[in-house]
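In what follows, a single structure is set out as structure tokens and then discussed.
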Amino acid sequence: MLVHSRAGKRATWAVFLLLFVPLFAVPLLVILAASLATHWSGAFPSGPTVERYAAATSGDSLQALTTSLATALAASVLALTLGGWAALAAASLRSRGRRLLDALFILPVAVPSVVVGLAVLVAYSRPPVLLNGTRWIVILAHTVLVTAFAHQSVAAAVRRLDPMYEQAAAGLGASPARVLWRVKLPLLLPSLTSAVGLCFALSMGELSATMMLYPPDWTPLPVQIFAATDRGSLFTGAALAVVLMTSTLLVLAAVSRIRTRASYR
Amino acid sequence: MNPGTAPGGIRFDGVTVAYGGTVVLDRLDLTVEPGEFMALLGPSGSGKTTALRAVAGFVRPAAGRVFLGGRDVTALPPHRRGIGMVVQSYALFPHLKVKDNVAFGLKAHRTPKAEIPGRVTEALELVGMAAYAERHPRELSGGQQQRVAIARALAIRPGVLLLDEPLSALDARLRSGMLAELARLHRELPDVSILYVTHDQVEALTLADRIAVMDRSRLQDCGTPEELYRRPRTEFTASFVGNANLLPVTVTGEGAVRLGDRPLGVLAETGTAAAGATATLCVRPHLVGLGDGPNALTGSVTEVQWRGSTHRVHADVDGHRVMADLRELREPPAIGDPVTLHYATEDAVLLPAGAGAGAGDPTEAGP
């Protein structure tokens with residue numbers, strides 16, 4: 001601990017709470033309160049109800065949740081496969097090639113996601129690859145958006161990996177494929193799971209590109225939240241938001257359990 | 001290939017390795033016989049690790065060939081060479097238990113499943129680690145990890161075992177224990193050729209059947225430890241393998257030289273230089289005695305170091321420094337005292353002048 005005196009510690013905590021509570025805690029608590037409210041005219045909401053949660057976890061809303069989960073799962077697995085593969089391959093390139101590949105993969109992050117959405121829409125609205133109006137165009141856009149993060153976190157982990165493991169394995173007679181599956185990937189597992197968790201969370205919350213692309217039968221939850229608040233049903237939107245938040249957190253918690261079991265040192 | 005019968009023996013045939021125009025290994029010719037323990041000894045940057053990596057297949061020679069058991073392996077990738085290798089950092093796979101680390105090479109070589117547990121136990125017993133089979137590497141000490149790394153390399157019964165500074169990460173006490181272990185392993189594996197890279201002359205002198213001395217990307221000298229120690233052929237070898245007094249002398253005849261105006265004797269068959277030529281006289285500090293005698297060197301004491309069982313006395317003799325390791329003196333001389341040292345003629349060898357480099361201050365290197 002950097003601060004030793006008792007008064008100093010108290011002051012540090014006070015500053016932390018002063019910054020943390022209004023910035024992070026209050027908005028989330030307000031959402032939670034609003035999701036349980038029937039009216040909110042004074043300083044505090046009134047009439048606690050769980051009715052909205054009944055609605056938020058059935059019918060269209062339930063479908064939107066499963067749509068979001070399916071999209072996020074597909075996009076994060078695809079992103080990890082593509083981004084991780086590229087990161088592993090880049091490790092054997094010379095530094096110039098590696099920098100070029102890094103730059104290519106970071107591009108979708110530098111481009112605003114609305115632009116990515118529009119670009120995907122324009123590109124795949126006509127044959128030969130006609131994806132517009134299908135769920136695949138949403139999954140594709142999400143994959144494009146999150147692959148950069150998968151690539152970055154796997155690339156960083158690959159750089160940290162001691163090359164001696166690879167050489168020791170090859171020296172013991174392991175073919176490159178065996179080195180990859182039995183040594184490198186197990187050692188990278190913590191970074192791979194954290195990459196997949198990050199991609200999943202980003203995809204669950206993606207709205208701006210999705211808005212430009214989603215077909216009527218593939219409406220992810222953020223779009224529903226936006227639609228609800230847009231037509232003035234603030235409390236319904238709040239309940240949906242809490243559902244989105246909770247389901248994302250549950251998945252991340254499950255992923256982090258794998259990660260803790262996969263950390264060896 | 002069948003790992004059970006991997007033949008021993010390594011041959012370097014003019015192996016040159018260069019990184020981006022810088023030659024790090026220059027035309028190495030060296031043969032390690034089946035069953036022989038060869039130490040590659042040299043300072044850092046001398047090319048010794050590069051030579052080992054060329055055998056393992058991690059560097060591709062720019063010229064020359066590498067043979068393992070008579071087979072040209074220059075173009076083979078590392079996993080096809082059937083070698084056992086232990087690296088400096090051990091590189092035990094942290095996600096695998098000790099027994100799975102040892103089984104790794106066996107599985108990679110497609111050893112029949114039924115044989116693997118027996119071979120794993122056998123390899124672990126060889127290094128005294130059979131009781132630790134179920135542990136993870138992180139639960140082991142440095143010395144234990146080292147043993148497991150050796151067991152892992154030996155499990156595939158390689159004909160060639162490559163050891164890259166295997167003891168440098170251990171503390172002094174563990175190191176001397178492992179020295180004895182390695183010597184025992186070498187006795188118990190009479191068919192395995194061992195190539196042992198080290199910068200530590202004690203390890204090389206203790207373990208090796210022969211030592212190849214490397215410096216500045218080149219092989220400088222090669223011979224048995226006794227040969228290199230008693231009859232070094234270059235100044236570099238003399239100063240790197242043990243300590244040495246190196247004195248610039250002028251040859252006056254067979255077995256006779258002059259240091260300034262002082263006539264001295266050397267072992268006759270070591271000097272081939274003609275009379276009048278300059279050469280370097282080499283005599284080990286522990287073979288220099290105190291007091292008058294044959295080949296007397298008079299001068300003044302410049303430094304006295306007490307080393308427990310010995311005193312090392314540095315003397316200035318006509319502007320040249322001479323060291324003597326003397327059994328602990330009851331009354332050591334004081335700095336500035338006049339002193340006379342001597343050596344027996346058969347203990348001095350004659351080397352070509354200035355053939356080696358880095359011979360300037362060999363005093364702090366070793367025992």
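The lone criterion from (1) within 14 Å of another protein chain (Cβ to nearest Cβ); (2) among the charged types (D, E, K, R); (3) outside any helix (DSSP H, G or I); (4) surrounded by fewer than 17 Cβ atoms within 10 Å (Cβ to Cβ) left unmet by residue B:191 is number (1). Scanning the range B:101-140 for residues that are without any contact (Cβ under 8 Å) to a residue 12 or more places away in the chain, assigned to a loop (DSSP other than H, G, I, E, B) and more than 14 Å from chain A (Cβ to nearest Cβ) yields a single hit, B:112.
Filtering A:69, A:82, A:73, A:62 for residues that are modelled with pLDDT of 85 or more, under 20 Å from residue A:227 (Cα atoms), out of contact with any Lys or Arg (no Cβ under 7 Å at 6 or more places or on another chain) and not hydroxyl-bearing (Ser, Thr, Tyr) leaves a single hit, A:69.
This table checks each residue for (1) in contact with a Phe, Trp or Tyr (Cβ under 8 Å, 6 or more places away or on another chain); (2) modelled with pLDDT of 90 or more.
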position: A:122; (1), (2): no, no
position: A:129; (1), (2): no, no
position: A:145; (1), (2): no, no
position: A:148; (1), (2): yes, no
position: A:152; (1), (2): yes, no
position: A:159; (1), (2): no, no
position: A:165; (1), (2): yes, yes
position: A:169; (1), (2): yes, yes
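Scanning the range A:191-222 for residues that are touching a Phe, Trp or Tyr at 6+ places or on another chain (Cβ under 8 Å), surrounded by fewer than 22 Cβ atoms within 10 Å (Cβ to Cβ) and in a helix (DSSP H, G or I) yields a total of 3.
Of the residues examined, residue A:153 is not one that is within 14 Å of chain B (Cβ to nearest Cβ) and either touching a residue at least 24 places away in the same chain (Cβ under 8 Å) or not in a helix (DSSP H, G or I) (or both).
Tell me yes or no: at least one residue of the range A:227-235 is of a type in the set (Val, Ile, Thr) and touching a residue at least 24 places away in the same chain (Cβ under 8 Å). The answer is no, given that none of the residues of the range A:227-235 is of a type in the set (Val, Ile, Thr) and touching a residue at least 24 places away in the same chain (Cβ under 8 Å). Being away from chain A (no Cβ under 14 Å), outside any strand (DSSP E or B), modelled with pLDDT under 90 and within 24 Å of residue B:43 (Cα to Cα) is the requirement here; does residue B:173 meet it? It is true that residue B:173 is away from chain A (no Cβ under 14 Å), outside any strand (DSSP E or B), modelled with pLDDT under 90 and within 24 Å of residue B:43 (Cα to Cα). Only residues that are closer than 21 Å to residue A:136 by Cβ and either without any contact (Cβ under 8 Å) to a residue 60 or more places away in the chain or buried (at least 18 other Cβ atoms within 10 Å of the Cβ) (or both): list them for the range A:72-102, please. A:72, A:74, A:75, A:76, A:78, A:79, A:80, A:81, A:83, A:85 - these are the residues of the range A:72-102 that are closer than 21 Å to residue A:136 by Cβ and either without any contact (Cβ under 8 Å) to a residue 60 or more places away in the chain or buried (at least 18 other Cβ atoms within 10 Å of the Cβ) (or both). Tell me, please, whether a residue that is over 25 Å from the mean Cα position of the chain (by Cα), under 24 Å from residue A:187 (Cα atoms), assigned to a loop (DSSP other than H, G, I, E, B) and more than 10 Å from chain A (Cβ to nearest Cβ) can be found in the range B:54-72. No, the range B:54-72 contains no residue that is over 25 Å from the mean Cα position of the chain (by Cα), under 24 Å from residue A:187 (Cα atoms), assigned to a loop (DSSP other than H, G, I, E, B) and more than 10 Å from chain A (Cβ to nearest Cβ).
What tally of residues in the range B:86-101 results from selecting those that are within 28 Å of the chain's Cα centre (by Cα) and either among the polar types (S, T, N, Q) or under 14 Å from residue B:157 (Cβ atoms) (or both)? Give the derivation first.
Here is the first cut: in the range B:86-101, the residues within 28 Å of the chain's Cα centre (by Cα) are B:86-92.
Filter once more, so that each one left must be either among the polar types (S, T, N, Q) or under 14 Å from residue B:157 (Cβ atoms) (or both): B:88-89.
So the answer is 2.
Can you pull out every residue in the range B:20-53 that is more than 13 Å from the chain's Cα centre (by Cα) and of a type in the set (Val, Ile, Thr)? Residues satisfying the conditions are B:22, B:23, B:24, B:31, B:32, B:50. The C-beta contact set for the range B:31-55 (first residue of a type in the set (Asp, Glu), second residue surrounded by fewer than 18 Cβ atoms within 10 Å (Cβ to Cβ) and not in a helix (DSSP H, G or I), distance under 9 angstrom, 6+ apart or interchain) comprises B:33/B:209; B:36/B:209.
Residues being assigned to a loop (DSSP other than H, G, I, E, B) and exposed (fewer than 14 other Cβ atoms within 10 Å of the Cβ): count how many of those fall in the range B:261-285.
So the count comes out to 5.
In the set (1) within 14 Å of chain B (Cβ to nearest Cβ); (2) without any contact (Cβ under 8 Å) to a residue 12 or more places away in the chain; (3) hydroxyl-bearing (Ser, Thr, Tyr), the condition left unmet by residue A:125 is number (1).
The values are calculated or read from the model by the stated rules, or taken from the named source; none is laboratory data. Keep in mind that this is a model prediction, so the values were computed, not measured. Note: ideal-geometry Cβ built from the backbone for every residue, glycine included; neighbour counts use all protein chains shown.
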